[in-house]
1. If we keep just the residues of segment 7-39 that are outside any helix (DSSP H, G or I) and of a type outside the set (Ser, Thr, Tyr), which is nearest to ALA56 (Cα to Cα)?
2. Quick check on segment 1-21: of everything there that is touching a residue at least 12 places away in the same chain (Cβ under 8 Å) and not aromatic (Phe, Trp, Tyr), which residue is farthest from ALA67 (Cα to Cα)?
3. Would it be correct to say that THR85 is of a type in the set (Val, Ile, Thr), loosely packed, with under 14 Cβ neighbours inside 10 Å, over 18 Å from the mean Cα position of the chain (by Cα) and at pLDDT below 70?
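The values are calculated or read from the model by the stated rules, or taken from the named source; none is laboratory data. Just so you know, these numbers come straight off a predicted model, no measurement behind them. When we count neighbours, we look across all protein chains shown, and the Cβ atoms used for this are built from the backbone with ideal geometry, even at glycine.
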Amino acid sequence: MINAHIDKFVTLLNARDYHRPPGTPRMQPATVNLQLMTSLINPDDKNDDWKLFRTAKGNAIRTMATAELFAEVRATDSGQQSSKTANQTPVQPPPDAAKALIT
């Protein structure tokens, strides 16, 4: 899901750069990074993990390469998805052999 979001973000960024008036500079990496973080935040979600991520990154968002931020966002999303999956995994009853050892 995050890959689709990043792909759409890059597509929109490229379209913006393509259609910018002559003489208008490209967006600075710091601006691109802040726009990415803003696009991830969901105002309807009270427990929005991206707000926490943005706060934790602090001023580093302004100085890091956009590709590096993409990688960190992907890694963070992967960790969030795996922890959500782990929390939703039902507990399996022990196999019969383990039951024999318990009793």
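1. Let us first name the residues in segment 7-39 that are outside any helix (DSSP H, G or I), namely 20-28.
From what is left, the residues that are of a type outside the set (Ser, Thr, Tyr) are 20-23, 25-28.
On the way: ARG20: 33, PRO21: 36, PRO22: 37, GLY23: 36, PRO25: 30, ARG26: 27, MET27: 24, GLN28: 21 Å.
So the residue we want is GLN28.
2. The selected residue is MET1.
3. In short, no.
Residue by residue, here is whether (1) surrounded by 16 or more Cβ atoms within 10 Å (Cβ to Cβ); (2) touching a residue at least 12 places away in the same chain (Cβ under 8 Å) holds:
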{"residue": "GLY23", "(1), (2)": "no, no"}
{"residue": "ARG26", "(1), (2)": "no, no"}
{"residue": "MET37", "(1), (2)": "yes, yes"}
{"residue": "ASP44", "(1), (2)": "no, no"}
{"residue": "ARG54", "(1), (2)": "yes, yes"}
{"residue": "ARG62", "(1), (2)": "no, yes"}
{"residue": "ALA67", "(1), (2)": "no, no"}
{"residue": "ASP77", "(1), (2)": "yes, yes"}
{"residue": "GLN80", "(1), (2)": "no, yes"}
